[in-house]
Amino acid sequence: MAPTNGVVNGVVPRSNKMHSKVVIIGSGPAGHTAAIYLARANLEPVLFEGFMANGFAAGGQLTTTTDIENFPGFPSGILGPELMDKFRSQSLRFGTKIITETVAKVDLSARPFRYWREFQEDQEPETADTIIIATGASAKRLGLKGEETYWQSGISACAVCDGAVPIFRNKPLAVIGGGDSAAEEATYLTKYGSHVYVLVRRSDLRASKIMAKRLQNHPKVTILWNTVASECKGDGDLLNGLVIRNVVTGEEKDLQVNGLFYAIGHEPATAIVRNQLQTDSEGYIVTVPGTTQTSVKGVFAAGDVQDK
């Protein structure tokens, strides 16, 4: 249940600490886009960019990305952190108040909504007439040996974002996963890599029949059935191989690849609103079709937190 202390006859008093018209929780592209539009409309938004919230620095997932080549306006590409700095500067330019702290708890049971900053949960809350949840999602990882060393140095969770990067061009690549996302990413990567290996833990694909057939018939794709990765290897700077294991026979061997792409899903950062907003079976916030309105009037969700 959401906290109810301080609510009198269904009415929440405005905070003596800080009351805002709109509070945005999250600092990725969705959060800053909302901030820019709201600030230009003189709604004086307050954006909490978080301090390593959800394991990311302010700016979200893009701060862990190197070259971004598919964002309009940057024909030569742009670094992820640099792009997010530009988003932030634009938000500030129009009057967004940015706070480098993490919102740890919210109460969406009555308006104005109440929220507490991290390490201040036992203090008086702050309030807002409207809250936008833009906390994003993070790619699921496997925790392989060497994974941390080569994350974004040969390991990625987004083929469309990173597949065209020079370190992957004309090199053997690997994709982990057996669903439609894995099939799509592997097919996409054949445009750039010399060959693509798809590691599937089971003896069949979970992907739709048409996607599975397309993948199995592609001349640049080899599916390694009943296979998992157990270690990521490299030269200390870039990935150059995997140790793979057959889960049926237990046999291990090396696989030379210069890129590894995870296609095993994402984890939405919705713990803060769990049991207060409607979410789907995977934890993504459910919104009214065609809008960003959540199940609670006055609370909106934008970006990866509601978009699979």
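The values are calculated or read from the model by the stated rules, or taken from the named source; none is laboratory data. Just so we're clear, the structure is a prediction, and the values are computed from it rather than from any experiment. Virtual Cβ from ideal backbone geometry, glycine too; neighbours counted across all protein chains shown. These area figures cover heavy atoms from the full protein model, side chains too; ligands, DNA and RNA do not enter into them. Shrake-Rupley method; radii C 1.70, N 1.55, O 1.52, S 1.80 Å.
At 1.4 Å probe radius, can you tell me the per residue accessible area of the chain in Å²?
50
Suppose every Lys and Arg Cβ carries +1 and every Asp and Glu Cβ carries -1, with no other charges. What dipole size does region 203-308 come out with about its Cα centre, to the nearest 20 debye?
500
Only residues of region 145-172 count here: report those whose backbone N is under 17 Å from the spot 7 Å along Cα→Cβ of E69, or say none.
Within reach of a label on E69: 152-172.
Strictly under 4.7 angstrom between C-beta atoms: which cysteines of the chain have no such partner?
So, C232.
Grab the other residues whose beta carbon is less than 12 angstrom from that of L92, score K and R as +1, D and E as -1, and report the net. Please list the in-between numbers first.
Values: positive: K86, R88, R93, K97; negative: E49, D85.
With Lys, Arg at +1 and Asp, Glu at -1, the net is +2.
Connecting C-alpha atoms closer than 10 Å in a GNM of the chain, tell me which of P13, P72, P112 has the biggest fluctuation.
P72
Quick one: pull the percent of accessible area on region 207-288 belonging to carbon and sulfur, 1.4 Å probe, ligands and nucleic acids left out.
The C+S portion of the solvent-accessible surface of region 207-288 is 46 percent.
Lys and Arg at +1, Asp and Glu at -1: add these up for the other residues within a Cβ distance under 15 Å of G73 and post the number.
-3
When the Karplus curve 6.51 cos²θ - 1.76 cosθ + 1.60 is applied with θ = phi - 60°, which whole-Hz ³J(HN,Hα) does each residue of region 88-105 get, with x for Gly and Pro?
4, 4, 5, 4, 5, 4, 8, x, 5, 8, 9, 10, 8, 9, 9, 7, 9, 8
Output ³J(HN,Hα) for region 136-141: one whole-Hz value per residue in order, computed from phi by the Karplus curve 6.51 cos²θ - 1.76 cosθ + 1.60 with θ = phi - 60°, and x for Gly and Pro.
x, 8, 10, 5, 5, 10
With the Cα gyration tensor of region 141-262 in hand, convert its eigenvalues to equivalent ellipsoid semi-axes via √(5λ) and list them largest first in whole Å.
Values: eigenvalues 83, 63, 27 Å².
With the √(5λ) rule applied to region 141-262, the semi-axes are 20, 18, 12 Å.
Pull up all non-local amide H partners of S138: gap of 5 or more, or a different chain, and H-to-H distance under 5 Å with H placed in the peptide plane.
E267, A269
In region 141-262, what is the count of Lys pairs whose alpha carbons are under 16 Å apart, counting only pairs at least 8 residues apart or on separate chains? Walk me through the numbers on the way to the answer.
On the way: K145/K233; K145/K253; K171/K191; K171/K220; K171/K233; K191/K220; K233/K253.
Close lysine pairs under the 16 Å cut-off: 7.
Mind checking region 215-308 for GluC sites (Glu not before Pro) that DSSP puts in a loop (not H, G, I, E or B) and that have at most 12 other Cβ atoms within 10 Å?
Loop-located and lightly packed - E251, E282.
Of (i) 30; (ii) 20; (iii) 45, which is the value of percent of Cα pairs over 35 Å apart derived from the coordinates here?
Evaluating percent of Cα pairs over 35 Å apart on these atoms matches (i).
Quick one: accessible surface of T292, probe radius 1.4 Å, all protein chains present, in square angstrom to the nearest 10.
60
For the peptides 257-268, 185-196, 32-43, what is the packing order when you average, over each peptide's residues, the other Cβ atoms within 10 Å and list the highest mean first?
257-268, 185-196, 32-43
Mind listing the long-range amide H neighbours of G259? Cut-off is under 5 Å, sequence gap 5 or more, other chains count too, H placed in the peptide plane at 1.01 Å from N.
A174
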